[in-house]
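Engineer: Quick one: structure below, then a few questions.
The values are calculated or read from the model by the stated rules, or taken from the named source; none is laboratory data. Computed from a predicted model, the values in this text were never measured in an experiment. Ideal geometry is used to build each Cβ from the backbone, glycine not excepted, and the neighbour counts take in all protein chains shown. Areas reflect the complete protein model, heavy atoms only, side chains present, ligands, DNA and RNA absent. Shrake-Rupley method; radii C 1.70, N 1.55, O 1.52, S 1.80 Å.
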Amino acid sequence: MKKKIIWALAVVLAVSVIANIAVIGAAAQTERKRPPEIFFERSGAKKSRTLRIGQETPLKLSYLQTYYASLDQYFDEYTAGDGRKYRYDRNGNFTGYSIEKTLDGEIKNPVTLEQATEIADVEMQRLFGDEANRFEEATLLTEREDRYCLIYVTRYGFVTEKCVGIDVRKDGIIRSASFPNFYDFEAFDPALLNGVERQTLDALFRSTAEAVYGDAYISAQVNRYELKKTENGYEIELSGEVHFGEVELIAALEYRYALG
């Protein structure tokens with residue numbers, strides 16, 4: 001089975017130990033479309049939708065605007081007048097929501113990570129029912145001043161498949177739930193992963209780092225192997241870190257490996 005590199009992107013985060021200043025710059029990029037990240041009305045968007053979650057009363061949604069994540073990927077946003085924005089992808093799939101109002105002021109009794117996880121677990125069951133049981137336990141992606149960002153995943157071996165992100169504010173309110181790739185793997189054939197070994201991907205990741213950074217390259221480590229759907233099939237996106245240079249420099253590197 002022949003494999004090929006789709007593209008590799010390296011972004012250097014130059015961190016000075018003495019000055020503690022981070023400088024961000026692009027080190028390499030090949031034909032990647034940069035997201036405009038803008039909102040505006042889309043003429044072809046449905047003006048209204050009906051959303052039903054589980055056995056709840058259906059919500060009547062009205063079109064608000066369209067968010068363009070890239071030049072060829074967008075999400076239509078709707079409102080039900082309940083303070084949330086509901087998102088649909090270009091195929092008409094419900095892919096999550098976020099509250100419109102941000103958190104103001106200091107929280108007197110912030111919830112703990114354990115409490116936030118329990119809140120997110122309940123929301124997973126509400127959104128996905130029995131399907132939620134397929135997901136691994138929540139992992140803390142990051143903690144911010146006002147919220148916990150949790151992530152749930154399913155896997156094929158060491159490769160991450162579906163991914164759901166739930167942000168719980170420290171006042172116990174769910175800020176957002178996002179699952180843009182939830183519907184991408186209905187036609188996926190696990191046989192495409194036959195013969196794909198972690199050691200091979202790690203070696204390709206390291207050789208890419210060496211090609212990008214040359215003599216400055218010291219070490220590279222993959223932190224995530226994520227299955228992605230493309231226009232032509234599927235690929236594995238490798239994300240990790242590269243350490244190099246005389247001072248402490250850290251680069252974020254992404255590498256895509258085509259399946260099939």
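Engineer: For the cross-link pairs Lys46/Lys162; Lys60/Lys229; Lys101/Lys170, which exceed 19 Å when the distance is taken from alpha carbon to alpha carbon?
Structural biologist: Pairs exceeding the cut-off: Lys46/Lys162; Lys60/Lys229.
Engineer: Apply the Karplus curve 6.51 cos²θ - 1.76 cosθ + 1.60, θ = phi - 60°, to the phi angles in segment 175-188 and return the couplings in whole Hz, x for Gly and Pro.
Structural biologist: Values, residue by residue: 7, 6, 9, 9, 8, x, 10, 4, 9, 7, 10, 5, 9, 6 Hz.
Engineer: On the principal axes of its Cα set, how long, how wide and how thick is segment 151-235? Give whole Å, largest value first.
Structural biologist: The Cα atoms of segment 151-235 stretch 49, 34, 23 Å along the principal axes, largest first.
Engineer: Please quote Rg/Rh for segment 115-199 to two decimal places, taking the Kirkwood radius as Rh and restricting both calculations to Cα atoms.
Structural biologist: Ratio of gyration radius to Kirkwood radius: 1.04.
Engineer: Taking segment 37-135 on its own, what percent of its Cα-Cα pair distances exceed 19 Å?
Structural biologist: Cα-Cα pairs in segment 37-135 separated by more than 19 Å: 54 percent.
Engineer: Jot down the radius of gyration and Dmax of segment 83-157, Cα atoms only, both in angstrom.
Structural biologist: Using the Cα atoms of segment 83-157, the pair Rg, Dmax is 14.4, 43 Å.
Engineer: State, as an integer percentage, the relative contact order of segment 99-160 based on alpha-carbon contacts under 8 Å between residues 6 or more apart.
Structural biologist: 24 percent
Engineer: Rounded to two decimal places and with Rh computed the Kirkwood way over Cα pairs, what is Rg over Rh for segment 85-232? Could the numbers behind the result be given before it?
Structural biologist: Details: Rg = 18.5 Å, Rh = 17.8 Å.
We get a ratio of 1.04 for segment 85-232.
Engineer: Per residue of segment 81-88, in order, report the coupling 6.51 cos²θ - 1.76 cosθ + 1.60 (Karplus, θ = phi - 60°) as ³J(HN,Hα) in whole Hz, putting x for Gly and Pro.
Structural biologist: The phi angles translate into x, 10, x, 10, 10, 9, 10, 10 Hz.
Engineer: I need the per residue convex hull volume for segment 192-244, using only the alpha carbons, in cubic angstrom as a whole number.
Structural biologist: In segment 192-244, the Cα hull volume divided by residue count equals 82 Å³.
Engineer: While we're here: Based on the Cβ-Cβ distance from Ser219 to Gln55, what FRET efficiency comes out when R0 is 51 Å, to the nearest 0.05?
Structural biologist: Details: r = 52 Å, r/R0 = 1.02.
E(calc), rounded to 0.05, equals 0.45.
Engineer: No solvent, one uniform scatterer per C-alpha: report log10 I(q)/I(0) for segment 35-74 via the Debye equation at q = 0.21, 0.30 1/Å, two decimals.
Structural biologist: Here log10 of I(q) over I(0) equals -0.72, -0.95.
Engineer: Here is a further query. Of the heavy-atom accessible surface of segment 137-260 (probe 1.4 angstrom), what whole percent is carbon and sulfur?
Structural biologist: On the way: 2750 of 6150 Å².
Here it works out to 45 percent.
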